[in-house]
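Here is the structure we will look at, set down as structure tokens.
The values are calculated or read from the model by the stated rules, or taken from the named source; none is laboratory data. Please read these numbers as outputs of a predicted model, since none were measured by experiment. Ideal geometry is used to build each Cβ from the backbone, glycine not excepted, and the neighbour counts take in all protein chains shown.
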Amino acid sequence: MTTVPPDFAADRPADLAAALLRVTNGGLFLAHGLLKVFVFTIPGTVGYFESLGLPGFFAYLTILAEIGGGLALLAGFRVRIVAPILALVLLGAGYFGHFGNGFFFSNANGGWEYPAFWAIVMVAQTLLGAGAFALDRK
């Protein structure tokens with residue numbers, strides 16, 4: 001009887017679900033980071049962070065976290081380290097960027113519903129791990 005090495009095993013639905021969640025999260029974080037670079041521009045993002053009363057260098061850290069974290073999630077690299085860091089980024093976005101706008105994201109300037117939900121999703125990703133087809137699959 002031959003067995004599939006655990007690094008490539010994808011025999012459980014939970015492994016596939018974790019991988020699907022990881023790749024979806026990774027793609028969304030990458031898109032959000034690139035949006036800040038190419039659409040809002042880095043100076044525009046820095047200005048926005050400063051308008052919230054945050055130091056401008058937080059914009060750089062956020063862009064780095066979103067792009068680097070997105071790529072790490074896509075690859076399945078250190079997911080249980082990256083996901084909670086990104087959850088903290090989302091909690092910061094919810095608090096500093098959206099909390100004053102109310103709960104619903106459909107409110108003017110977006111409420112804190114979306115970043116709060118996504119932060120919880122990242123906690124779930126942390127608990128689930130990378131799933132199938134990941135660099136760090138164990």
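Worth pointing out:
- Conditions (1) surrounded by 14 or more Cβ atoms within 10 Å (Cβ to Cβ); (2) farther than 19 Å from L21 by Cβ; (3) modelled with pLDDT of 95 or more: number failed by G44: (1)
Let's see how each residue does on (1) β-branched (V, I, T); (2) in a helix (DSSP H, G or I):
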| position | (1), (2) |
| --- | --- |
| G53 | no, no |
| G70 | no, yes |
| I85 | yes, yes |
| L88 | no, yes |
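- Within segment 116-138, tally of residues that are over 23 Å from T62 (Cα atoms) and surrounded by 17 or more Cβ atoms within 10 Å (Cβ to Cβ): 6
- Checked against (1) of a type outside the set (S, T, Y); (2) farther than 26 Å from L21 by Cβ; (3) in contact with a helix residue (DSSP H, G or I) (Cβ under 9 Å, 6 or more places away or on another chain), N101 meets all criteria but (3).
- Residue count for segment 66-115 under the criterion of being under 16 Å from A31 (Cα atoms) and surrounded by fewer than 19 Cβ atoms within 10 Å (Cβ to Cβ): the result is 6.
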